[in-house]
Amino acid sequence: MNAETLWLQERLSKLGFDPGPHDGLRGPRTDAAVVAFKRSIGLRARPYVGPLTRAALMPAVQERSDLPWMAEAAKVRGLHEQRNTAALRRWFDASVSWIDPRDIPWCGAFVATCHRAAEPDIDLPGSPLGARNWHPWGDKCDPVFGATLVFWRISRSHWAGHVGFYHGEDDTHYHVLGGNQANAVTVTRIAKPRLLSARWPIGIPVTGRRILLTPGGTPISTNEA
């Protein structure tokens, strides 16, 4: 058994990619899972595990959070709208489960489902699929770990937007854990000037904090449609 391979298999499984048995033996199923993971985050799709891949696989401090909606989000990280359509639709909250993620932008469905899994009675926006409908939701807060971040898309005055969870930040970008990012649940970097607001569920103390990260291999997103 190779300890490095065992770690790789455990991390891939945690992120939603099936490497086969956790036996520390590098085989074709583990290689296929590496390729799928790298494709999901925009890295060259090959089984080589180099520094950028390792950095992307590394468990960050914020993954050990006790925020239940972030724990729920982490469970489905890596699910893809084409490869995992049925699994996504089963996971979606009943209020949004009618959508086909291959046809309808689902960043709002992702956020709604995470919050409903954490608190079944939580009030959601009237139309949670609309990303900008999360702009007045909850209480305003600073961008901290676990906050719901609402972004403009196309232009600040356009109706289109994007919504996801604060996972960290670097000097110029927020690292956002969200759905419909490269057609999957991923962490991607979104430019800070695109932020419209950061929101927190009403009645829950703000326990998140700023998480300072390096850009690493995290891809930049400019249009999440």
- Query: Mind checking the log10 I(q)/I(0) for the stretch 62-147 at q = 0.11, 0.16, 0.20 Å⁻¹? Debye, one equal scatterer per Cα, no solvent, two decimals.
  - Reply: -0.30, -0.64, -0.99
- Query: To the nearest Å, what is the center-to-center distance of the stretch 20-53 and the stretch 106-179, using C-alpha atoms only?
  - Reply: 30 Å
- Note on the structure: Residues whose modelled amide H sits under 5 Å from the amide H of G164, counting only those 5 or more places away in sequence or on another chain, are L149
- Karplus-derived HN-Hα couplings along the stretch 206-215 (A = 6.51, B = -1.76, C = 1.60, θ = phi - 60°), whole Hz, x at Gly and Pro: 6, 10, x, 9, 5, 10, 8, 10, 8, x
- From the residues A160, F92, H115, which one has its Cα farthest along the dipole of the chain in the positive direction, the dipole being from +1 and -1 charges on Cβ of Lys/Arg and Asp/Glu about the Cα centre? A160
- Message: Run the numbers for D100 and R156: contour at 0.36 nm per residue of separation, minus the present Cα-Cα distance, in nm.
- Response: 17.4 nm
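Applying 1/(1 + (r/R0)^6) with R0 = 35 Å to the Cβ-Cβ distance of A32 and A71, what FRET efficiency is obtained, to the nearest 0.05? Please list the in-between numbers first.
Working: r = 27 Å, r/R0 = 0.77.
Computed FRET efficiency for A32 and A71 comes out at 0.85.
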- For the stretch 84-225, state the average projected area of the convex hull of the C-alpha atoms over all orientations, rounded to one decimal in nm². 8.1 nm²
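In whole percent, and with a 1.4 Å probe on the protein chains, what portion of the accessible area of the chain is carbon and sulfur?
On the way: 5750 of 10540 Å².
About 55 percent, which is the carbon plus sulfur part of the accessible surface.
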- For the chain, the dipole about the Cα centre with charges only on Cβ (Lys and Arg +1, Asp and Glu -1), to the nearest 20 debye, works out at 600 debye
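Taking 0.36 nm per intervening residue step and subtracting the Cα-Cα distance, what contour gain separates D18 from R39 on full extension? List each step's numbers first, then the result.
On the way: separation 21, 0.36 × 21 = 7.56 nm, distance 1.42 nm.
Fully extending the segment from D18 to R39 adds 6.1 nm.
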- Query: Against the longest alpha carbon principal axis of the chain, how many degrees, from 0 to 90 and to the nearest 10, is the axis of helix 107-118 turned?
  - Reply: 90 degrees
- Task: May I ask you to order 216-224, 106-114 by the average number of other C-beta atoms within 10 Å around their residues, highest value first?
- Result: 106-114, 216-224
- Query: Using helices alone, what [θ] at 222 nm do you get for the chain, with -39,500 (n - 2.57) per DSSP H run of 4 or more residues, divided over all residues and rounded to the nearest 500?
  - Reply: -7500 deg cm²/dmol
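The values are calculated or read from the model by the stated rules, or taken from the named source; none is laboratory data. Predicted model only: the values in this text are computed from it and were never measured. Please note: Cβ atoms are built from the backbone with ideal geometry, for glycine as well, and neighbour counts cover all protein chains shown. SASA here: full protein model, heavy atoms, side chains in, ligands and nucleic acids out. Shrake-Rupley method; radii C 1.70, N 1.55, O 1.52, S 1.80 Å.
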